[in-house]
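Taking it in order: structure first as structure tokens, then the write-up.
The values are calculated or read from the model by the stated rules, or taken from the named source; none is laboratory data. Given the structure is predicted, the values throughout are model-derived calculations rather than measurements. Counting neighbours? That spans all protein chains shown, and the Cβs are built from the backbone with ideal geometry, glycine included. With ligands, DNA and RNA removed, areas are computed over all heavy atoms of the protein, side chains included. Shrake-Rupley method; radii C 1.70, N 1.55, O 1.52, S 1.80 Å.
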Amino acid sequence: MRFRLRHQQQDIELVDGDFVLGRSAECHLSLDDALISRRHALLAVRRDGVTIEDLQSRNGVLVDGLRITGRVALADGATVRIGGQELTLSVLAAGSAAAGGRSVALAQIAQTLPSLSDGQESGPVDDTSSGYDPSTIRRADTFRMLAGVADKAFAMGRAAEAERMLAAPLADVLETSRSGRRVTPALLEQAGRLSAKLAIVTGKAIWADRVIELYGSAACLCPASVLDELYSALHRVGPVDVTRLRAYVEAMRAQVTSYGPADRFLFQRLEGLDRLAALR
């Protein structure tokens with residue numbers, strides 16, 4: 001069986017795994033609602049069904065209007081309410097297509113999402129022994145899910161919706177980096193790409209400025225995927241903070257003797273970005 005969770009106007013395709021729902025940016029599905037606890041509920045998706053469990057939240061979990069205790073199985077069409085948010089589960093026939101192409105497919109990320117207590121990022125990534133802040137390792141998984149949902153919103157022309165969804169998590173990553181805690185390269189790239197994409201779709205230069213501040217505070221080069229989005233952004237937004245960009249370029253120039261061929265090419269592209277910003 002296949003399962004889909006509808007929240008507001010978004011359909012989220014579910015695959016096997018455990019997903020924490022709550023207000024925290026570290027939850028797999030983060031919901032901006034003051035009535036929702038930071039870690040509110042646990043959604044467990046298995047091949048034969050979906051269950052939900054209240055994680056000792058302040059306001060509880062309602063399934064079809066009834067407050068639950070313990071773990072409860074969700075039937076097709078079951079309505080889950082946490083805080084002021086309503087989610088509806090649909091059971092899909094095997095091989096059925098997403099209606100109207102409006103579903104967000106999470107298979108490519110959900111199969112690798114660990115529980116938030118793991119403190120580990122999926123795949124061959126840096127761990128806490130490398131000096132990265134443990135919370136940023138967990139948040140990289142959250143951002144993989146956010147990226148899928150946000151990219152769908154971008155494709156559907158829902159820039160304002162994507163901005164509302166991403167603003168708080170992106171601010172959280174930036175504040176972590178500002179504070180001197182080391183952010184994993186995976187999370188930096190995800191946050192940087194999404195911020196640059198927001199600059200493109202909203203036309204707001206502040207999102208491009210935040211990419212530069214993010215990588216400047218982390219003292220590392222932007223990867224090619226983020227630079228590509230920044231080049232596109234600079235053609236569509238108003239003037240960016242050239243002083244901040246130039247300071248970042250100079251900080252990266254101070255490290256140029258340590259760069260290999262690939263990083264030297266990235267630095268050259270960063271210099272080109274600086275020249276382009278100066279012309280606008």
* **Contour excess over end-to-end distance, with Cα ends at Asp263 and Arg58 and 0.36 nm allotted per residue** => 68.9 nm
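How much length is gained on full extension from Arg253 to His7, taking 0.36 nm per residue of separation minus their Cα-Cα distance?
Working: separation 246, 0.36 × 246 = 88.56 nm, distance 4.59 nm.
Roughly 84.0 nm would be gained on extension.
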* Ignoring ligands, DNA and RNA, what percent of the 1.4 Å accessible area of region 170-279 is carbon and sulfur? -> 53
* Structure fact -> Diffing region 8-19: the Karplus 3J(HN,Hα) column from phi (6.51, -1.76, 1.60, θ = phi - 60°), in whole Hz with x for Gly and Pro, holds 6, 9, 9, 9, 10, 6, 9, 10, 4, x, 10, 10
* Asked: For region 1-32, list residues with backbone N below 18 Å from a point placed 7 Å from the Cα of Arg46 toward its Cβ?
  -> 1-4, 14-20
* Structure fact -> Once amide hydrogens are built 1.01 Å from N within the peptide plane, the residues lying 5 or more places from Phe3 or on another chain with amide H under 5 Å from its amide H are Leu14, Leu92
* Per residue solvent-accessible surface (Å²) - region 1-97, probe of 1.4 Å -> 49
* Structure fact -> For region 156-164, in residue order, the Karplus 3J(HN,Hα) values (coefficients 6.51, -1.76, 1.60; θ = phi - 60°; whole Hz; Gly and Pro = x) are 8, x, 9, 4, 5, 5, 5, 5, 4
* Asked: Amide H to amide H, which residues 5 or more places from Val50 or on other chains are under 5 Å from it, using H placed in the peptide plane?
  -> Leu74
